[in-house]
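Structure record follows, encoded as structure tokens.
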Amino acid sequence: MSRLYDTVEPSVIDEDMLQKAVEEQGPKDEAGKIAKSEGIDFADVTSLRLEFKNILEIDNMWSFENLTKLQLDNNIIEKIKGLDELVNLVWLDLSFNNIEMIEGLDKLTKLQDLTLYNNRISRIENMDKLTDLHVLSLGNNNLTDLENVIHLRRFRKLRTLNLAGNPFCEQAEYKQYVTAYVSSIDFLDYRLIDEQSRAAATERYHLSIEEMLHNERVADQKYEEEKKREVEEALYREGYVDGLDGPELFEGMYADDNEGKKMKEMPGVDDLMVTFREKFVGICKQIFDYGLQENSKRQEEVSQFWECVMEAKTENKDAGIGHINNFMNMKKRVFAEMNHITDSALLDQKVKEYNKEVTELWDKLMALELQLVDQFEEIIKEFERNLQDMGSTFIENVQGYLSQCRDLENNHHERMLEIAIVTLEKVVKNELDDEINDDLRNLFVDKDTIINAVTSSHDVHLLKIDNKEDDMVTRINGWMKNTIEKIHYEQEVKRNRERVAEINNLIDHLREEIENLEVLQGTGY
Amino acid sequence: MADTEPAVETENTQETLKEEDEEDEVKDVEELSEDAEAFKEELAKIVVHPPTIDLTPKETFDPAEFPSSYKENLPNENLVLQFAENFRRQFVHLYRDRKPLLLNPVNECFVEKFVCTTIRPTQLEYKELYDWDGAAEFVADYLNFETLEPPFELPKRLLSPTTVLKRQKGNCFEYSTLLCSLLIGAGYDAYVVSGYATREVCLADESREICPLLKKKEEIKEEAKKKELKKYTVKPPKDLQSKFELKQAAKAKAEKDKEDAKHRTEEEQRQAELEKPPPDPLYGLRIHSWVIVLHGKREVPESFFVEPFTGLSHPVDSSNYQGIESVWNHVNFWVNMQDCSEGVQNLSYDLGDCTKWEYMFPNTDKPLLQIPEAEEDIMDGLDDEEENAEEQEKQLDLPPTWVEPIKISKKDFEMRCPQGKKNKLYKRAKLEKFAHYLMKDGLVSRLSVYSDRELTDMVMTREYFEHREDKLYNRVHNHQTTWITEYFAPGRAKCVKEHQYKASTPGPESERTMLFYAEARVDGLMKRMETPSEMTEHFENRDDFLYFKHTEFGKKPKKFGPQDKSSGQEPRPILKMQMKYHRNKNKKANDDIAELVYLCSEDKIQITYHTEDKRIASSTREFLKPHNWDEKGATLTFSGDMQQTFQVDPNLPSNKQVEMYEMLLSLLEQEGTCMEGVRESEEEVREILEDRIREEAAEELDISVYDTERNEKAKKHRKDLERQQLEEKMRKQEMEIDYLAPFLAQIGDPEKITRQQAYKLKEDCLMDLKQRLIDKANLIQARFEKETQKLQKKQAWYQQNQVNMLKDDEEAYLEYCSQAMFRIHILELRLNRHKDQAPHKYMMLEQTLRQDPRLAEYF
């Protein structure tokens, strides 16, 4: 199996070898000549064979960006590496090498056909990213653990599998086991799996497969839910109301508020807290709903804007294409006519006429473009205004809601103060019914301490609310600014520049054409 | 009131005539002087022959053909007739100036029958008759009409629908009665109408009507989508045209339009004037009958008339109908009490409203309109009698119809028209109808359109076919442009849908258009247009996104020297091939070819790419073919100046020479296949044309396997089976008869029987029968004795054990005895009968043997 190192000099893939291989495998004959004189870009190569080259190490492959098929069979490669750049690879052949471990394939997500036949692999692993795999050959390796095959279940598209010649194939249940557990395959070890043997295998491992299936389903479900939640979350974030759906803000207020937590223990605070929480969360919910509503309104506005932009663009484009087509028809006619004219004066006149037409076309196209720019300018301005209006109303309303929160908090604070003072009196008079814990008792040393504690708790709460408000306002302003800027840049600047360049390019080409034609004709007479 | 003034006048003149007659009679009675005698003699010379009016219709029927219900009346039928007569008398009494009603005409056996009972609601098994239009068309097609003689009098006789179907002839009342029977049977609320109509309607003269087949279907006008003004719709560019000029132009145009319209209307009026029928002296008097279908049942949204002669519907305010006297269906009879002086425009068809419709029987299913009290009072004073009559009516039940069930055999139904053919004349058009399978080429109708009313200058012929093997269903021949268009149903070998060609040049390589069922074709070909120098093909849903292919041909190279036959097959040289492709979304727009032109005559290949979404111009590329491109196996050289490229995006890197070279190679290859494609198309056209010629010559009709009448193979098969069965039966019979067979077999089935043998055969045969009869008698006797013995034994046993016997056993014994006695009795009877019959059998056999052809010559 393994070839001796000393008989042939082991090599590493280097520039020369690649160059040679590319030239050998590139176009033949006339095309080959042309290609050679011109040089071949590695980036253009889509398939490459590097077999029987006694390669020990894969290297220097990074410039083959568009490679889809790579054959490295019959070498002495020991470690899979240096393939990370070949992300477009669909077919990889590493058979008849000395590989001991599957690795370094994580970037090859488009891989469909992988051959590792005749290596020294003892474990199926590190292939989680190859979700598109159709064909896998792991025959003549060193696989011993039959249960390791379950690893292949994750390849849902796997149709053909070759495991023949591994130690575990000696086991009596090998075939049925693989058939049962890797249920997606149609071909195993060069043979089609017929319905009967599949049924028998499924029957045999019925129970454990059921369990596995169940687990997979549960995992799938979880994944789905996670995804759904993420989508929702993203939506909330877009509406700038994330974390306002529940008591998150309320809890956030108490998270950094040590005094507040302690003071919850004061008698009579419980009821107060319950109502406070309820009201607070209610307002949060209102903000949340309002935010989503506003968000959908904003989306609607934006999509309407884009729709109109697209409409205007298509209209403009159609008009432009119409002009160009008209011109092209004219051009064909003129060129055909010119072929028959021998009189140079007449020819000159024709050329002049043509050039005039070209200029006219330029005028027309540029006029169209300018018109579009004007139109866009206008609607972008309007859109900007509307967007700003929307933003400011949103901010105002949110601020209104949040000030309600503040009022609630202020009320709550006053009540807390009252309770604190009453409790303090009780503590002082030792009239307190229930035992209170030491932390709280420490606050009730004197009036100042307790009032300070209550006030600081209040301050923390207000700060939280302020933070939330600032966060929302900055985010929406940022979004608006971004959107407008993007529109300005994409629609007004970039698009305009591109179009103008295109028109000029076209006009230059048209002018050139007549000149070339004249040159051709010039040789004629 | 109906339009009855002329009727009144005629009545008056008749009355005066009568008076004069009476005066004459008075004179006769007086004593006569000589002079008077002479005068009388002189007068006697003047003889007037009153025109003998044949009151009975000419055609008579053999009463034997009809069942008794046609020949006599049941008691309650008589009652109804009397009642109707009473109604008529009262009606005449009350409304002296109205025309008589058609109530009790005689039928084919000269028996009076009430009109309502002549309607026989029937639903036939043909699905075409389930809808009113199908039923009306059938009645119109199936019968030939007879006019009323004279046209202003009601018919004296009303034949039953069954007889009408048999004769395939009828007048308007018989038409309506038949149609009404079918419509009521199909669930419509239909009535026979008796009234007045124009001459054109009464004579079924449609030559002033546009043929219904030619009436253009109302085009569904697609409302131009109004450009929705969205919030951010861009403002259109400023309109720099002068408003004033526009206005002036519009004004001028409007004026011109107006003038044109005026001209047009004038022209139309002139034309209409020309086409107006000559005035009708009997206008408004012509009696006609048609059918009205009232809304409500069978989801009919609005009431309408059905003209039985043409099978077409008319709105209830049609000007063709001028008045209604009465309507009836199978349960009741209504007389119109509304004014018809303005035709039928404003009539109400609320039959329950007895101020507008006087009913005959109160047992109507129509809701009766409640008349306000005051009005009723006035009515009370006027018609007491009627009220009495009404009371009588309450007991009166309409007798069941006397008409036999309406039956139409499948064969007759398929023949549609008398003899399977019918011609109809319309305004500038002629329609010929044929029964299915009647014409050899499957023709079912032919519509010829003419440019003039005299039908001399033919413009267009449309022929409709059915059941054709080649799926042709319509052929339109435009005589002015000489274009022929043939339409095919799906299912042909080459999926042809439509074929348009010039009658003068049916051969290949001439002007033609073929449409195909693209979804059935592998190459997605939808349309192929040809002229002698061009071919254009349109495709649909192709994997290579090709949708258009245009080929230009040059003139055939003239061959010098002797013309041989193969020169006709020489293909036309291809000058230019142009292909257009849809956008392939999997490719970049800049690499996706939109248009590919092979300029074969100039050795050039031009490519235009698709336009990118954000751009307006598209990239182009042009190749010059290498000089040795058509040499086989030659290495093609390539240099940079053989191709020119224009890239829309100047920033894109230019393609490499190798790529260009490879592209050129593949394009050259493609050119070859493309040319082959063109040749194949030409070949296909040729094949289709050959097929068509063959099919036209064959004229085969497609016969369903379920059609046992027409399907020759199936028919033959069935006949064979029947014959086989018959033969089997015959053979069996023969076998039974042949008494001699076993005896003949004994002497070895000789060809000819000698006299001796014949005698011996007869002897043997008779002997054998005798023996068998005796044997049978013996057998019966043996059984009889056995049975008797058994019974005696049982009796003996019973007598011995009678003392110590259980009741059950005794009963069983008695049971057995009676059974045995029964058996014995039967055997005795059988023996006696056998004894009786045996000599007869013997005699019969002897008789048969004497008559047997093989022995007959000897006896």
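Bear in mind these aren't lab numbers, they're just calculated from the coordinates by the rules spelled out. Bear in mind the structure is a predicted one, so any value in this text is a computation, not a measurement. So basically every Cβ, Gly included, is an ideal-geometry build from the backbone, and we count neighbours across all protein chains shown.
Taking the inverse of the mean reciprocal distance over all distinct Cα pairs, the Kirkwood hydrodynamic radius of the stretch B:610-730 comes to 21.6 Å. Each part gets one Cα centre, and for the stretch A:310-353 versus the stretch B:145-176 those centres are 77 Å apart.
The charge dipole of the protein assembly as shown, taken about its Cα centre with unit charges on the Cβ atoms of Lys, Arg (+1), Asp and Glu (-1) only, comes to about 6400 debye. Going by neighbour counts of Cβ atoms within 10 Å, the residues B:318, B:207 line up, fewest first, as B:207, B:318. Here, the stretch B:401-492 is characterised by an Rg to Rh ratio of 1.11, where Rg is the alpha-carbon radius of gyration and Rh the Kirkwood radius.
For the residue pairs B:297/B:407; A:317/A:381; A:331/A:352; A:36/B:656; B:411/B:729, the alpha carbons lie more than 19 Å apart in B:297/B:407; A:317/A:381; B:411/B:729.
Looking at the stretch A:38-72, which chymotrypsin sites (Phe, Trp or Tyr not before Pro) are in a loop (DSSP not H, G, I, E or B) and have at most 11 other Cβ atoms within 10 Å? Here the sparse-neighbourhood loop sites are A:52. The label point for residue A:212 and the one for residue B:233, both projected 7 Å from the Cα toward the Cβ, are 6.2 nm apart. If the segment from residue B:96 to residue B:203 were pulled out straight at 0.36 nm per residue, it would be longer than the present Cα-Cα gap by 35.6 nm. Summing Lys and Arg as +1 and Asp and Glu as -1 over all other residues whose Cβ lies under 13 Å from the Cβ of residue B:469 gives a net charge of -3.
Sites listed here are chymotrypsin sites (Phe, Trp or Tyr not before Pro) in the stretch B:745-832 whose DSSP assignment is loop and whose Cβ has at most 14 other Cβ atoms within 10 Å, and the list is empty. Across q = 0.05 Å⁻¹, the protein assembly as shown modelled as identical point scatterers on its alpha-carbon atoms has Debye log10 I(q)/I(0) values of -0.93, in the order of the q list. Ellipsoid fit via the Cα gyration tensor, the stretch B:798-859: semi-axes of 53, 8, 7 Å, each the root of five times an eigenvalue, largest first.
Taking 0.36 nm per residue of separation and subtracting the Cα-Cα distance, full extension of the segment from residue A:150 to residue A:60 would add 28.9 nm. Projecting label points 7 angstrom from Cα along Cα→Cβ for residue B:346 and residue B:511 puts them 5.9 nm apart. Could you list the chymotrypsin sites (Phe, Trp or Tyr not before Pro) in the stretch B:670-748 that lie in coil according to DSSP, counting only those with at most 10 other Cβ atoms within 10 Å of their Cβ? Those satisfying the criteria are B:706. Computed from the C-alpha gyration tensor, the three semi-axes of the ellipsoid equivalent to the stretch A:395-473 are 33, 12, 9 Å, from longest to shortest. When Rg and the Kirkwood Rh are both derived from Cα coordinates, the Rg/Rh ratio for the stretch A:84-219 amounts to 0.96. Each Cα pair of the stretch B:579-646 feeds into the Kirkwood radius, which the Stokes-Einstein equation turns, at 4 °C and 1.567 mPa s, into a diffusion coefficient of 97 µm²/s.
Fewest-first ordering of A:177, B:196 by other beta carbons within 10 Å of each residue's beta carbon gives A:177, B:196. Shown for the stretch A:312-423 is the translational diffusion coefficient from the Stokes-Einstein equation, using the Kirkwood radius over Cα pairs, a temperature of 37 °C and a viscosity of 0.692 mPa s: 160 µm²/s. Computing FRET efficiency as 1/(1 + (r/R0)^6) for residue A:142 and residue B:144, where r is the C-beta to C-beta distance and R0 is 56 Å, gives about 0.05.
Estimated from the Cβ-Cβ distance and a Förster radius of 41 angstrom, the FRET efficiency linking residue A:106 and residue B:542 is about 0.50. Each principal axis of the Cα cloud of the stretch A:231-370 was evaluated for its coordinate range; sorted largest first, these ranges are 113, 24, 23 Å.
Stretching residue A:426 away from residue A:374 to a fully extended chain increases their span by 11.0 nm, per 0.36 nm per residue minus the current alpha-carbon distance.
Spatially close Lys pairs in the stretch B:747-859, defined by Cα atoms under 17 Å apart and a spacing of eight or more places or different chains, total 12. Of the three principal axes defined by the Cα atoms of chain B, the extents in descending order read 136, 112, 77 Å. Relative to its residue count, the stretch A:217-305 spans a Cα convex hull of 131 Å³ per residue. Here the average projected area of the convex hull drawn through the C-alpha atoms of the stretch B:162-201 stands at 3.4 nm². Shape index of the stretch B:755-826: Rg/Rh, with Rg the Cα radius of gyration and Rh the Kirkwood radius from the inverse mean 1/r over Cα pairs, equals 1.41. The spread of Cα positions in the stretch A:44-144, taken along each principal axis and listed from longest to shortest, comes to 41, 31, 18 Å. A P(r) calculated from all alpha carbon pairs of the stretch A:38-86, with 10 Å bins opening at zero, reads 25, 54, 19, 1 percent.
Here, chain A has an Rg and a Dmax of 37.9, 125 Å when only alpha carbons are counted. The tail of the calculated P(r) for the stretch B:668-813, taken as Cα-Cα distances beyond 28 Å, holds 71 percent of the pairs. In this entry, the stretch B:48-186 is assigned a mean projected area of 10.9 nm², taken as a quarter of its C-alpha convex hull surface. In this structure, the pairs whose alpha-carbon distance is over 30 Å, taken from A:107/A:481; B:494/B:715; A:297/A:494; B:440/B:502, are A:107/A:481; B:494/B:715. The tail of the calculated P(r) for the stretch A:154-202, taken as Cα-Cα distances beyond 12 Å, holds 61 percent of the pairs. Label separation (residue B:521 vs residue B:771): 8.7 nm, computed from points 7 Å beyond Cα along the C-beta direction.
Shown here is the pair-distance distribution of the stretch B:117-185: with all Cα-Cα distances grouped in 5 Å bins from zero up to the longest one, the shares run 3, 18, 29, 25, 16, 6, 3, 1 percent. Which entries in B:580/B:604; B:71/B:421; B:127/B:356 show an alpha-carbon gap greater than 28 Å? Over 28 Å Cα-Cα: B:71/B:421; B:127/B:356. Compute the helix-to-body angle for A:344-429: its Cα long axis versus the longest principal axis of chain A, expressed 0 to 90° and rounded to tens. Rounded to the nearest ten degrees, it is 20.
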